[in-house]
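**Student:** The structure under discussion is supplied below as structure tokens; questions concerning it will follow.
The values are calculated or read from the model by the stated rules, or taken from the named source; none is laboratory data. Nothing here was measured: the structure is a model prediction, and the numbers come from that model. Counting neighbours? That spans all protein chains shown, and the Cβs are built from the backbone with ideal geometry, glycine included.
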Amino acid sequence: MEDNVKISGLPPGQMGPGRIDRSENLSRPKERQEPPEAASSPAVDNVQLSSRARELSRVKEVIAQSEADFRPEKVAPLQAQVAQGRYHVEGEQVANSLLQSFLQESQLLRS
């Protein structure tokens, strides 16, 4: 394509119907630049957690605490009794213990 276009009969800057004046130097638009104050200020991120996310975070903390309470010196003898068939427990005691643990954890989650 030829860069120089010459339209005879019309002076530069004037166009006739359906004609394009290419006598002026056309350049590409400059890229948009950020204002200097925007470029120098650090970006700030905001995070908002839903109530569900906060609840899950508390559950995670409770689980981490219960894992810290694990005492292998108490578990090992019980495992041996179970393996030998000598460990027996009342179902009511298990149910009461589970209920107590559940109630304690649910109170922790509410606070």
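**Student:** Output the helices (runs of 4 or more DSSP H) that fall wholly within the range 39-111 and possess 3 or more residues being touching a Leu at 6+ places or on another chain (Cβ under 7 Å) and either modelled with pLDDT of 85 or more or of a type outside the set (Lys, Arg) (or both), or say none.
**Tutor:** In the range 39-111, the matching helices (runs of 4 or more DSSP H) lie at 51-68.
**Student:** Restricting attention to the range 57-76, which residues are under 11 Å from Glu105 (Cα atoms) and of a type in the set (Ser, Thr, Tyr)?
**Tutor:** Ser66
**Student:** Could you please let me know if Glu61 is exposed (fewer than 10 other Cβ atoms within 10 Å of the Cβ) and among the acidic types (Asp, Glu)?
**Tutor:** In short, no.
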